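First up is the structure itself, then whatever we jot down about it.
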Amino acid sequence: MTQDVKPRRRSARRSTGRADRGGRSAKGGENLHLRVPYITRGIPTYDLLDEGSLEKIEATAERLLCEIGIELRDDHEAMRLFKEARAEVREEGEDVWRVKFHPGQIREILQTAPETFTQHARNPANNVQIGGDAMVLAPAYGSPFVMDLDEGRRYGTIKDFRNFVKLAQSSPWLHHSGGTICEPTDVPVNKRHLDMVHAHIRYSDRAFLGSITAPERAEDSIEMCRILFGAEFVDQNCVIMGNFNTTSPMVLDGVTAAGIRAYAAANQGSIHLPFLLGGAVSPLTMAGSIAQCLAETLSSCALAQLTRPGAPVVMAGFLSSMSLRSGSPTFGTPEPALGSLVMGQLSRRWKIPLRCAGNFSTSKRPDGQAMQQAMMSMMSAVQGGGELHPAFGRVPRWAFVDVL
C-alpha cells in the first residue's frame, strides 16, 4: 500500500529526534504516517472463489429476490417506488408488502449507482475517496458499553462519546470520524442524535456518519450538515452517510426504508448492511449466508437508486457465526473472514463500493485471542478489497473498514 500525503508547511520549531508537527522527520524527509487522508491500495486482492462459484452465489441471491422477495413494512412511498419500477408488489397485511424482482431487474436498477464518490469533510484536506483504490479506516460502530481503568465496564455517556471522537481525530491511523462510536445512554433517545452529530462537527474535522434510528433523525443529521457546509453544497456533494441494517431474514422495515430514502433524496451516502447470524437469521453455511447478504444489500441499494438515481451507495456485509451455547454473535472467527473475502469479490463484480468489518474479536480482554482474531478479521478486509474482477476490467475498489 501507499499513502496519499498532502505536504504541510515545515514547523518553525527546531526539529528533534522525533517527527515534528509539520509531518517531517529529523532527517528532513516527509513522515507519511502523520498525514494520511486514506490508504491507497497497492497490493493485489485475494480471490477466494472461482468464476463458477461466484456465479452460483449470484444466481442464488437472484432466486431469493425472485421467489421469496423482500418483505417491506410501513413505508407506502417505498412500496410506490418499487411498484413504479415494475417489481412485483403484493399486499400481505396492513402496511406489509411482498416485493419480488424479475431476473436481472436489480442489476438494471443499480446501473446508476456511482463506482466512486468523495465524502467531503469540514477540513477539505481530510476528504475521503469512496471508490477507486482507496481504503478508509474508521472507529468501531454501535458499542453499548465502554470500559476504562477507573470505572470499569459501563454504559456509555455523551462525555465518553466526545472523548472517543477526540481520540479518533488525534489518531493518524484513522481517516474518518465514524458514526455511533458508543451509545450515549445519558441523553434521551429522541435527542441523542443531535448531540452525537454535533460532537463530530465540533471535535473532528473529518468525514462522519449521521443518525439512522428514525426518518426525522436522519433529516436532522442532514439539516445540520446544510448549516455546516451550505445547502447548495450539500445538494451537490456527499458530506454525510448513514449506516442502515436490513432486518434479516429478508425484511426491510419502515424506519430503515424511510431513512434510506431521506439520505438518497438529499444526495447523501447510504451504507446497506445486513447483520447476519449463521444458524439464527441466515443459513449455517457461509455460502448460503453470503447469498442472502447479497440479496439484502442489493435490494436496499436499489431503493436508494429508485429514490434518486446516482445517489451514493455502499454495499456491505456483516457475516457472523453464532455461539450455540449462548446465542450471541462470535466475532473474529475464520468463517466471517472468508465471507469478507468473497463479498470483496462480489462488490468488484457489481461495481459498487464495499463496507466490511475490520478489527473484531470475541475476547473480553486484550490477550492472545484478541490479537489473533483481530488480525484475521482485519487481514480479510485488507485482502478482500482492491481491484475489480478482470471480467469488468482492472479498476480498483474501495473498502470502508471498522477498526476497534
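The values are calculated or read from the model by the stated rules, or taken from the named source; none is laboratory data. Just so it is clear, the model here is predicted, and its values are computed rather than measured. Cβ sites come from the backbone with ideal geometry, for glycine too, and all protein chains shown count toward neighbours.
Remarks
- Criterion violated by Pro215 - all others in (1) farther than 30 Å from Arg98 by Cβ; (2) modelled with pLDDT of 95 or more; (3) within 19 Å of the chain's Cα centre (by Cα) satisfied: (1)
- Strands (runs of 3 or more DSSP E) completely within the range 266-382 that count 3 or more residues being assigned by TED's automatic domain parsing to the domain that holds Leu65 and out of contact with any helix residue (DSSP H, G or I) (no Cβ under 6 Å at 6 or more places or on another chain): 313-322
- When Gly385, Gly344 are screened for being touching a Lys or Arg at 6+ places or on another chain (Cβ under 9 Å) and modelled with pLDDT of 90 or more, only Gly344 passes.
- Taking the criterion of being part of a loop (DSSP other than H, G, I, E, B) and either within 21 Å of the chain's Cα centre (by Cα) or surrounded by 13 or more Cβ atoms within 10 Å (Cβ to Cβ) (or both), the residues of the range 146-164 that qualify are Gly156, Thr157.
- Being assigned to a loop (DSSP other than H, G, I, E, B), charged (D, E, K, R) and touching a residue at least 40 places away in the same chain (Cβ under 8 Å) is a property that does not hold for Asp186.
- From the list Leu167, Leu194, Leu228, the one residue that fits, being part of a helix (DSSP H, G or I) and touching a Lys or Arg at 6+ places or on another chain (Cβ under 7 Å), is Leu228.
- Exactly one residue out of Phe145, Phe164, Phe101 is over 26 Å from Val313 (Cβ atoms), touching an Asp or Glu at 6+ places or on another chain (Cβ under 9 Å) and of a type in the set (A, V, I, L, M, F, W, C): that is Phe145.
- Of all positions in the range 201-211, at least one carries a residue that is buried (at least 24 other Cβ atoms within 10 Å of the Cβ), in a strand (DSSP E or B) and either hydroxyl-bearing (Ser, Thr, Tyr) or in the same structural domain as Pro334 (by TED's automatic domain parsing) (or both).
- Answer residue from the range 107-134, given it is closer than 21 Å to Trp350 by Cα and assigned to a strand (DSSP E or B) and is modelled with the lowest pLDDT among those: Ala134
- Tallying residues that are of a type in the set (Gly, Ala, Ser) and either at pLDDT 95 or above or buried (at least 19 other Cβ atoms within 10 Å of the Cβ) (or both) within the range 167-188 yields 4.
- Long-range neighbours under 7 Å by Cβ, at least six apart or interchain, first residue in the same structural domain as Arg348 (by TED's automatic domain parsing) within the range 89-117, second polar (S, T, N, Q) and assigned to a strand (DSSP E or B): Thr116/Gln129
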